[in-house]
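The values are calculated or read from the model by the stated rules, or taken from the named source; none is laboratory data. If you're wondering where the values come from, they're calculated on a predicted model, not measured in any experiment. SASA here: full protein model, heavy atoms, side chains in, ligands and nucleic acids out. Shrake-Rupley method; radii C 1.70, N 1.55, O 1.52, S 1.80 Å.
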Amino acid sequence: MMGDVDEEQPESRPASGVVPTTALRRGARMATLPMSYAGRTALGLGKRVGGKPAEIVAQEMQARTAEQVFRVLGDLKGGAMKFGQAMSIFEAALPEEVAGPYRATLTKLQDAAPALPAATVHAVLAENLGEDWRDRFAEFDDHPAAAASIGQVHRAVYRDGRIVAVKIQYPGAGKALMSDLNQLARLARMFGAMVPGLDVKPLLAELKARVAEELDYLAESEAQRAFAIAYEGDRDFRVPHVLSASPQVLVSEWLEGVSLAEIIRSGTQQERDHFGTLYLRFLLSGPARAGLLHADPHPGNFRALPDGKLGVLDFGAAARLPDGLPVAMGHLLRLAEEDDAQGVLDGLREEGFVKEGIELEPGDMLDYLEPLVEPARHEVFQYTRVWLRGQYQRLNNPRNKDFAIGMKFNLPPDYLLIHRVWLGCTGVLCQLDANVRTRDEIIAWVPGFARPGDLD
C-alpha cells in the first residue's frame, strides 16, 4: 500500500482537475486565508465581549483556522502543500495548546491530497509514455492510491506481472510551486501569528531552492536507482527499483506496507522503537552507502513493511555527498558530547558556523547545542514531544540567553540540507515517542565521532 488518500473532492477544485497555475488564481485562493483569519479574530473578540471564556474562543479559532488553512493548502497542492508537509514534521515541538488543533490536519497532509480526475491522469501518461501507454500495463487503477504535494501514485500491474507504483506529476505543478511559495512568503507574518515562535521565512527560502530538483522525475529516478542498488538485499531496508522514468511519470516497484505516519498515530511501542531506529539508521547511512542524503524526511515517505523492514520512497530531494557526511560534523558532535566547549567553538568557527568578529561564551554556546547532543549522551534515548517542546521553548524565548546565541549562528550552505534532515528526523522521532540507541547509530554512520574502542 502506498498510503491513504483523501477521497473528499472540495467543491472549489477546477472541473478539469488541472492545478491552478497562475499567480492571480492561486493567490486569490490563498488570499482567503488572512481575510478569514481576521474575520475569526473579530468573531472571537465578539464572543469574548459576549462573555464566552477566552480559552474556549482561542481553541475554537485555532481549530477553524487549521481546518481552512490545510483544506486550501491541500487543494492547491504545489508549493502550498509542500510547505504544509514541511511544517508537519516540526509540530511535535509546538506547545500543546497550539499543536493540538493542528495535529490531525498536519498529519493528514503527510499522506493525502485531493485526487486528479482519470482523464487528466490519462493525458499525462499519454504525453510522457506515448499514446500506447496502456500496452505497458496489464492493469491500471484509475483511482490513486496516494496523493501528495506535486504528484499522485497509482497502483498498476506491469506487463511482466510485477505490481508497480506509477507516480504522476500534476499538470502545472512547476508554475504552481513557485507561485505558491512566492505568495506564502508574503503571508509569513500571518503564519507567525498563528504559530508563535515559528520563523517560516528560512523554511520558504530553502523550499524555493529545492523545487526544481523535485520536479525533475528523471533526476529523481537516478537518485532512486542509486539508493536501490546500495540497499539491494538489505536486512533492514527496501528501496523499490525504477522500471521506467520520464519528466513527469515515474514507474517503480510497489511497496506493500503502512505509512510511518500511521505508526505515529496508532503503532505499538515496539513498532515505534523498531521503525524509529530504522528511520534514523537510513537517514544517517545514506551518505556512506549511496553517496546521497535522503533530504525529505517526512513520515509519508517511509513504509513499515510486513516483514519488519522499512521501505523508503520519494527521492526527489537528495543531497549529493559522495564522500559521506562531513567528518567535521562527527568530530564536533563528539567534542560537544565530551563537554569540550572551547574545542566546539573553535571547530564551529573553522566550519563557518560562527563568523569572524562574532563573540560567544563557549559554555553558553554548548548549552545552546544541547538538543543536538543529548541523544548521543545516552545508551538509549527516548524521543518525546515533552522533551522537544521544552527545548523549543527554551531556544525561542527572547528572555533566555539561548535566543541571543541562536541569532549569532550562521548556517553554511554545505550543511543546509544536513541540518534540515537532522532536525526533521528529530521531530519525527519525537512524534513516534521512540526509544532509540542513537549513540550506536552515530558511531556507525557519522564519521569523526567514534573513538578507539567504540566499534569493538
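Brief remarks follow.
- Exposure check, 1.4 Å probe, all protein chains in place: H122 carries approximately 40 Å² of accessible surface.
- Where the stretch 321-416 is the region considered: accessible area per residue in Å², 1.4 Å probe: 54 Å²
- Ellipsoid semi-axes for the stretch 380-456, based on the Cα gyration tensor and the rule √(5λ), read 25, 19, 12 Å when sorted largest first.
- Gain in span if fully extended, E374 to R162, counting 0.36 nm per residue against the direct Cα distance: 71.8 nm
- Segment R349-M407, length gained on full extension (0.36 nm per residue, minus Cα span): 19.4 nm
- Area accessible to solvent at V157, 1.4 Å probe radius, in Å²: 30 Å²
- Karplus 3J(HN,Hα) series, Hz, for the stretch 163-172 with 6.51 cos²θ - 1.76 cosθ + 1.60 (x for Gly, Pro): 6, 10, 9, 10, 8, 10, 7, 4, x, x
- When nucleic acids and ligands are ignored and a 1.4 Å probe is applied, W445 ends up with an accessible area of around 70 Å².
- Straightening the chain between Q393 and E232 buys 53.8 nm, computed as 0.36 nm per residue apart minus the Cα-Cα spacing.
- Nonpolar atom fraction for the stretch 224-268, defined as the carbon and sulfur part of the 1.4 Å probe accessible area, stands at 50 percent.
- Rounded percent of accessible protein surface that carbon and sulfur make up, the stretch 321-399, 1.4 Å probe: 50 percent
- Taking a ≥ b ≥ c as the square roots of the Cα gyration tensor eigenvalues, the stretch 336-408 comes out oblate, since a/c reaches at least 1.5 and a/b does not exceed b/c.
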